[in-house]
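Take a look at the structure below.
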Amino acid sequence: MTSRDFESSRVAFDRHLAHTSSEPIGIVVDRASGPWVFATDGTRYLDLISGIGVANIGHTHAEVVDTVARQNARHHHVMVYGEYVQEEQALYAAELAAVLPSGFDSIFFVNSGTEGIEGALKLARKATGRSGFVAFEGGYHGDTLGALSVGGIEKYRAPFEPLLQPVALLPFGDVNALDAINESVAAVVVEPVQGEAGVRVPRSDFLPALEKRCRHVGALLIADEVMTGFGRTGRLFAVQRWDVVPDIIVLAKALGGGYPLGALAASSSLLRAFTENPPLSHVTTFGGHPVSCAAGRASLRVILRDRLAERADEVGVRFRERLVDAFRDLSTVREVRGLGLLIGIEFEDATITRRFVERCREHGLLLGWTLAHDRIIRLCPPLNTPEEMLDEAAATMKGVLAQEL
Ligand code: PMP
């Protein structure tokens with residue numbers, strides 16, 4: 001492309017792309033590779049947010065690129081989901097079933113995390129015959145009306161009321177509050193570690209107590225592993241850290257290896273609810289797109305072969321220590337927390353947080369915000385980012401904070 005083309009893409013972005021914020025980051029992307037994003041002005045950024053938790057094996061991994069090229073040459077979309085046998089889709093389902101907790105032998109592919117949550121909510125109502133949902137304050141599950149209804153961030157809910165009912169929001173991490181889950185509840189939706197709420201890791205007894213309470217009252221437990229799945233928190237799936245076995249696991253982001261893909265995983269007996277009374281009670285045209293499934297399969301192969309979940313666990317501990325060390329004498333940073341390579345940094349002040357993110361970008365580091373808080377940033381680098389780069393990033397952040405912000 002010529003520089004004029006890039007210029008016109010910037011103009012088109014400003015004029016014609018519908019925006020989600022008044023100050024979009026606006027990096028004009030040339031290409032991305034491994035942990036790097038390259039802009040057309042020649043700037044190279046270390047991507048510490050992985051496109052918000054997508055590029056767990058880094059960007060445009062060679063094995064994904066090759067697999068996608070082969071699938072591109074074979075076929076694209078041929079039929080709505082669930083009718084034809086498409087090799088990449090069927091084999092990916094089998095491979096996911098093999099690595100998910102036992103009993104998760106059936107995968108319903110969709111296009112995104114939000115759509116996975118929608119499917120899970122519908123499945124819970126249909127399978128239990130109950131209508132109620134319980135979710136948690138600070139939780140984020142997507143922006144469609146159903147997913148937003150179980151979202152726990154008030155400012156995003158308020159403009160769109162009335163939402164789906166009945167939904168009860170409980171404090172995240174509070175075992176005593178779980179008694180409110182009763183026999184009217186079809187399902188409880190939970191992020192094992194809350195991402196948008198500012199990377200909140202629950203007390204170790206919370207998720208086991210939640211599982212127990214759900215079993216006791218016959219409510220289904222839906223684990224939203226959209227952000228936490230595929231090694232991010234140091235286990236392939238975060239629920240495995242607490243030996244919790246939910247009824248439905250929702251996946252997306254890293255599931256597609258850089259391509260759009262979501263899924264709900266459950267037992268085949270539970271997912272059968274979509275095939276009867278009436279048949280086709282939940283369908284999707286593009287869900288489980290063969291190219292996305294090919295990319296996802298290649299990505300999962302890399303995660304397993306290179307032991308990236310284990311690596312995230314080990315490297316995450318060291319990176320968090322490095323950050324705590326770097327910020328030790330700085331009163332502007334209140335806390336560094338997280339699990340694996342899902343890390344939150346909480347600041348004292350919103351203006352400093354914003355300037356910190358901008359200044360880091362000027363120094364070639366991409367870090368991200370969280371929806372619920374303007375004082376908390378999130379780091380979720382590719383799980384195979386070399387440790388020296390993470391060390392360097394910690395040093396750069398320290399340098400940025402040492403200057404006037
Ligand atoms: N659940 C969680 C925990 C998420 O972090 C997100 C996206 N940030 C979603 C659901 C929605 O996923 P998607 O954007 O793929 O629809």
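Do you know which residues across the stretch 129-148 are in a helix (DSSP H, G or I), out of contact with any Lys or Arg (no Cβ under 7 Å at 6 or more places or on another chain) and surrounded by fewer than 24 Cβ atoms within 10 Å (Cβ to Cβ)? Break it down stepwise before answering.
Step one: filter the stretch 129-148 for residues in a helix (DSSP H, G or I), giving 145-148.
The next check asks that each one be out of contact with any Lys or Arg (no Cβ under 7 Å at 6 or more places or on another chain); those that pass are 145-147.
Hits for the stretch 129-148 are Leu145, Gly146.
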* Only one of (1) more than 16 Å from the ligand (Cβ to nearest atom); (2) in contact with a strand residue (DSSP E or B) (Cβ under 9 Å, 6 or more places away or on another chain); (3) not in a loop (DSSP other than H, G, I, E, B) is not met by Glu115, so which one is it? -> (1)
* Filter result for Val85 (open to solvent by 20 Å² or more (accessible area, probe 1.4 Å), in a loop (DSSP other than H, G, I, E, B) and free of Cβ contacts under 8 Å to residues at least 60 places away in the same chain) -> yes
* To do: Among the residues of the stretch 228-253, count how many are closer than 21 Å to Pro382 by Cα and either out of contact with any Pro (no Cβ under 9 Å at 6 or more places or on another chain) or free of Cβ contacts under 8 Å to residues at least 12 places away in the same chain (or both).
  => 10
* **Filter result for the condition that a residue is touching a Pro at 6+ places or on another chain (Cβ under 9 Å) and buried (at least 16 other Cβ atoms within 10 Å of the Cβ), over Leu390, Leu379, Leu367** => Leu390
* Asked: Among (1) closer than 29 Å to Leu308 by Cα; (2) of a type outside the set (Asp, Glu); (3) in a helix (DSSP H, G or I), where does Phe109 come up short?
  -> (3)
* Structure fact -> Reported set for the stretch 245-288 where residues are of a type in the set (A, V, I, L, M, F, W, C), away from the ligand (no atom under 16 Å from the Cβ) and either open to solvent by 40 Å² or more (accessible area, probe 1.4 Å) or not in a helix (DSSP H, G or I) (or both) is Val245, Ala266, Leu280, Val283
* Asked: Hey, does the stretch 341-363 have a residue that's of a type in the set (Val, Ile, Thr), open to solvent by 30 Å² or more (accessible area, probe 1.4 Å) and not in a helix (DSSP H, G or I)?
  -> no
* With respect to the numbered conditions (1) part of a loop (DSSP other than H, G, I, E, B); (2) within 14 Å of the ligand (Cβ to nearest atom), which one is the sole condition not fulfilled by Gly234? -> (2)
* Failed item in (1) open to solvent by less than 50 Å² (accessible area, probe 1.4 Å); (2) outside any loop (DSSP other than H, G, I, E, B), with Lys126 passing the rest -> (1)
* Note down all Cβ pairs under 9 Å where the first residue falls in the stretch 305-321 and is at pLDDT 95 or above, the second is exposed (fewer than 14 other Cβ atoms within 10 Å of the Cβ) and part of a helix (DSSP H, G or I), and they're at least six residues apart or on different chains. => Val315/Glu387; Arg318/Glu387; Phe319/Glu387
* Structure fact -> Residues of the stretch 190-222 being part of a strand (DSSP E or B) and either over 12 Å from the mean Cα position of the chain (by Cα) or of a type in the set (Val, Ile, Thr) (or both), in sequence order, are Val190, Arg200, Leu220, Leu221, Ile222
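The values are calculated or read from the model by the stated rules, or taken from the named source; none is laboratory data. Computed from a predicted model, the values in this text were never measured in an experiment. Ideal geometry is used to build each Cβ from the backbone, glycine not excepted, and the neighbour counts take in all protein chains shown. Just so you know, the surface numbers come from the protein's heavy atoms only, side chains and all, with ligands and any DNA or RNA stripped out. Shrake-Rupley method; radii C 1.70, N 1.55, O 1.52, S 1.80 Å.
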